[in-house]
Amino acid sequence: MDFEKTIDRKQTSSVKWDRAEKIFGSSDVLPMWVADMDFDNARPIKDALRKMIDDEVLGYTFPPDSLFTAISNWQNTNHNMPTKRENILLSPGVLSSIAVAVQAFTDPGDSVLIHDPVYPPFFSMVNKNERQVYRTPLNLENGQYSMDFDDIERQFKDEHIKMFVLSNPHNPGGRVWSENELIQLVELCKKYSVILISDEIHSDLVYSENTCVSPVTLDASYKDWVITLHSATKTFNIAGVKTSFILVFNEDLKEKLVKVQEETELDIVNTFGMRATEAALAESSEWHVALLEKLEANRSIVTDFFDKELSDVVYMVPEATYLFWFDASRLGVDNDKLRETFARIGKIGLNDGVSYGPSGKSYMRLNFAVPQSLLIDGLKRIKTVFDHYSK
Ligand SMILES: Cc1ncc(COP(=O)(O)O)c(C=O)c1O
């Protein structure tokens, strides 16, 4: 495992690298946007896929017991979530799972609540399924986001919310929600009969001082309200294999999910994804530990750089995720021009906060899961943009 090796990912249909020109309007942009790491995959994953290519015929397959065992063990060991085979549903992606949950637990026109800001497809998945999206703005306290429970309760009541989609930990702010916050949220869900979808795709990318809690584990009654979505794809950088899993502990909820999955064939995942997921969860812990060390070191490089070189720029120290969320309002550029401005002046491709919802409007998101040389290059490019506007 060599996290300092720079890998040429151009011409590999990489969204991060090969779509950069289209998204940022220039071919010389350093792409540090979409949540995809510029690190090679763990050896056991590559070995499992290589073995398959060399030794097998790529016909129809079914999920083997060993895959379910790997998922159960992972959830049990890393998330304090005793999980049996019958609690696991496979799904091509966390976003497909959100779509399935929306169809399973709500009707067209129903109201779904999400945070603001939050990962943009939460909005689009609900919206494309013709449900009504409501947003509850996060409070900004001591440089971190926190939930506004008064607003959540008001909207649960007034807007007759049927479902809440939570990013746990939070993308883009990197918050690891506390046990207390999660209990308050699920208690409100219970009170107003709201299904909580806890998207935990970033929950294995948590820094040493924090523990990510799955709300479903906090009380036996929560299994009737919480569905957990997870995947090995973010942690192990295998998003291209399109395989994820849903954890569900209530029979009625499970039946509803299975019905939609079967109606849409969204219960079938591909062979490569199954093999890669199993090899990741069952055999790649050493790589995972080393990754967290590398990301923690990169997080320090980023915060040190901002403290030293851009000391008046407000940012959030991520408690989890390799995403760094900073406020670019000092530039005085229109929020909807920020992405283009960073690309044109700094030659760097970042996600713009406005796409995460109105509350994210002046922020930018940097993906720091890259070798150190690229990271330093990217940080200098960001500084160029701030320097340009302070002249
Ligand atoms: C919070 C969150 N959920 C879901 C996804 C995408 O999941 P998938 O590729 O499994 O659909 C991402 C990707 O960045 C994410 O950040």
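The values are calculated or read from the model by the stated rules, or taken from the named source; none is laboratory data. Note that the coordinates shown come from a computational prediction; the quantities given were computed from them, not determined experimentally. Note that we place each Cβ from the backbone using ideal geometry, even for glycine, and neighbour counts take in every protein chain shown. Just the protein is used for accessible areas: all its heavy atoms, side chains included, with ligands, DNA and RNA removed. Shrake-Rupley method; radii C 1.70, N 1.55, O 1.52, S 1.80 Å.
The table that follows gives values for the structure above.
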item: Rg/Rh for the chain, where both radii come from Cα atoms and Rh is the Kirkwood radius; result: 0.96
item: Neighbour cut-off at most 16 other Cβ (10 Å), DSSP loop, chymotrypsin sites (Phe, Trp or Tyr not before Pro), segment 54-116; result: Tyr60
item: Ranked by how many other beta carbons lie within 10 Å on average, peptides 355-362, 76-83 from highest; result: 355-362, 76-83
item: Contour excess over end-to-end distance, with Cα ends at Asp2 and Asp47 and 0.36 nm allotted per residue; result: 14.6 nm
item: Chain lengthening between Asp307 and Ser373 when straightened (0.36 nm per residue, less Cα-Cα); result: 21.8 nm
item: Tyr363 long-range amide H proximity, modeled H, under 5 Å; result: Ala328, Gly353, Val354
item: Estimated distance in nm for a label pair at Thr211 and Ala297, the labels positioned 7 Å out from Cα along Cα-to-Cβ; result: 2.8
item: Estimated inter-spin distance, Asn80 and Arg344, nm [label 7 Å along Cα→Cβ]; result: 5.0
item: Whole-percent carbon and sulfur share, accessible surface of segment 59-283, 1.4 Å; result: 47
item: Helical mean residue ellipticity (222 nm; -39500 (n - 2.57) per DSSP H run of 4+; nearest 500) of the chain; result: -12500 deg cm²/dmol
item: Net lengthening on full extension, Ala220/Glu286 (0.36 nm per residue, minus Cα-Cα); result: 20.5 nm
item: Spin-label pair Tyr389/Ser178, simplified geometry with 7 Å Cα→Cβ offset, distance in nm; result: 3.3
item: Accessible area of segment 84-142 divided out per residue, in Å², using a probe of 1.4 angstrom; result: 41
item: Three-way shape label, segment 146-257, alpha-carbon gyration tensor, a/c 1.5; result: oblate
item: Top of Gly378, Gly353, Gly143 by mean-square fluctuation, Gaussian network on the chain, Cα under 10 Å; result: Gly143
item: Efficiency of FRET between Ser329 and Lys157 - r from beta-carbon atoms, R0 30 angstrom, step 0.05; result: 0.35
item: Residue-wise HN-Hα coupling along segment 29-34, computed from phi with Karplus coefficients 6.51, -1.76, 1.60 (Hz; x: Gly, Pro); result: 7, 7, x, 10, 10, 2
item: Solvent accessible area, Å² - Ile7, 1.4 Å probe, full protein context; result: 70
item: Separation of alpha-carbon centers, segment 213-278 and segment 327-386, rounded to whole Å; result: 33
item: In Hz, Karplus ³J(HN,Hα) per residue of segment 261-267 (6.51, -1.76, 1.60; θ = phi - 60°; x = Gly, Pro); result: 4, 5, 5, 10, 6, 8, 9
item: Estimated FRET transfer efficiency when R0 is 22 angstrom, pair Lys128-Val258 (beta carbons, to 0.05); result: 0.50
item: Karplus-derived HN-Hα couplings along segment 380-385 (A = 6.51, B = -1.76, C = 1.60, θ = phi - 60°), whole Hz, x at Gly and Pro; result: 5, 5, 5, 4, 3, 5
item: Distant-in-sequence amide H partners of Tyr119 (H built 1.01 Å from N, under 5 Å); result: Asn171
